[in-house]
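Asker: Below you'll find the structure I mean.
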Amino acid sequence: MNTIRQKYCSVCEEPFGCGNESEVKKCWCNDLPPIFTLDGISDCLCPTCLKNATVAKIEEYVETITPENAKDNKAKDLPKTTHFIENIDYYIENEKYVLTKWFHLKRGTCCGNSCRHCPYTFSE
């Protein structure tokens, strides 16, 4: 049987539920991309702190990408997801969705549409 345990965030110390709700419904943390190691974090984080840490780590990684190394990036090898996450895969500007550089890196190739944040052509 699956149980949700109450844990306390190792950053902000707020309580949160941790665990799979069922065999089908996994823990909320599985909704975020399985990014690289979070430095200095020894235990689970609450949803807010984990998303903030994920965004920071992604921004740090994206800064290292150039058109020359974009095709060899780690993001394209991550498990594919069926949903997009605001402020990670996209943001909203003037009521329109704008795909981030991270989204394009996960895609793995340029689509040829001159996207604003394309890491392959840098059409910004």
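Asker: Over segment 64-124, what lengths in whole Å, largest first, do the semi-axes of the equivalent ellipsoid take, defined as the square roots of 5 times the eigenvalues of the alpha-carbon gyration tensor?
Answerer: Values: eigenvalues 67, 46, 16 Å².
Output for segment 64-124: semi-axes of 18, 15, 9 Å.
Asker: From Cα pairs below 8 angstrom and at least 6 apart in sequence, can you work out the relative contact order of segment 5-100, rounded to a whole percent?
Answerer: Relative contact order for segment 5-100 comes out at 21 percent.
Asker: Using 27 Å as the Cα-Cα cut-off, could you pick out the over-long pairs in LYS25/LYS96; LYS7/LYS101; LYS7/LYS106; LYS51/LYS80; LYS7/LYS74; LYS76/LYS96?
Answerer: Distance filter (> 27 Å) returns LYS25/LYS96; LYS7/LYS101; LYS7/LYS106; LYS7/LYS74.
Asker: For the chain, take N as its residue count and report Rg(C-alpha) divided by 2.2 N^0.38 Å. Don't skip to the answer; put the middle values down first.
Answerer: Numbers: Rg = 16.4 Å, N = 124, 2.2 N^0.38 = 13.7 Å.
My calculation over the Cα atoms of the chain gives 1.20.
Asker: Go through segment 69-101 and name the GluC sites (Glu not before Pro) that are in a DSSP coil and have 15 or fewer other Cβ atoms within 10 Å of their Cβ.
Answerer: Of the GluC sites (Glu not before Pro), the ones in loops of segment 69-101 whose Cβ has at most 15 other Cβ atoms within 10 Å are GLU95.
Asker: On a 0 to 90° scale, report how tilted helix 47-62 is relative to the longest principal axis of the chain, with both axes built from alpha carbons and the result rounded to the nearest 10.
Answerer: Around 30 degrees separate the two axes.
Asker: Quick check on the exposure proxy: order LEU105, LEU78, LEU99 from fewest to most C-beta atoms within 10 angstrom.
Answerer: In order of increasing Cβ crowding within 10 Å: LEU78, LEU99, LEU105.
Asker: Moving on to the next point. Below 8 Å, C-alpha to C-alpha, sequence gap of six or more: please give me the relative contact order for segment 64-124 in percent.
Answerer: That works out to 35 percent.
Asker: If R0 is 22 Å, what FRET efficiency do you get for PHE84 and ASN20 from their C-beta distance, rounded to 0.05? Can you show the working numbers first?
Answerer: Values: r = 22 Å, r/R0 = 1.02.
E(calc), rounded to 0.05, equals 0.45.
Asker: Under a crude label model (7 Å from the Cα following the beta-carbon direction), how far is CYS27 from THR48 in nanometres?
Answerer: 2.0
Each reported figure results from applying straightforward, stated rules to the coordinates on display, with no laboratory input. From a predicted model like this one, the values you see are computed outputs, not experimental measurements. Quick reminder, even Gly has a Cβ in these numbers, built from the backbone with ideal geometry, and neighbours come from all protein chains shown.
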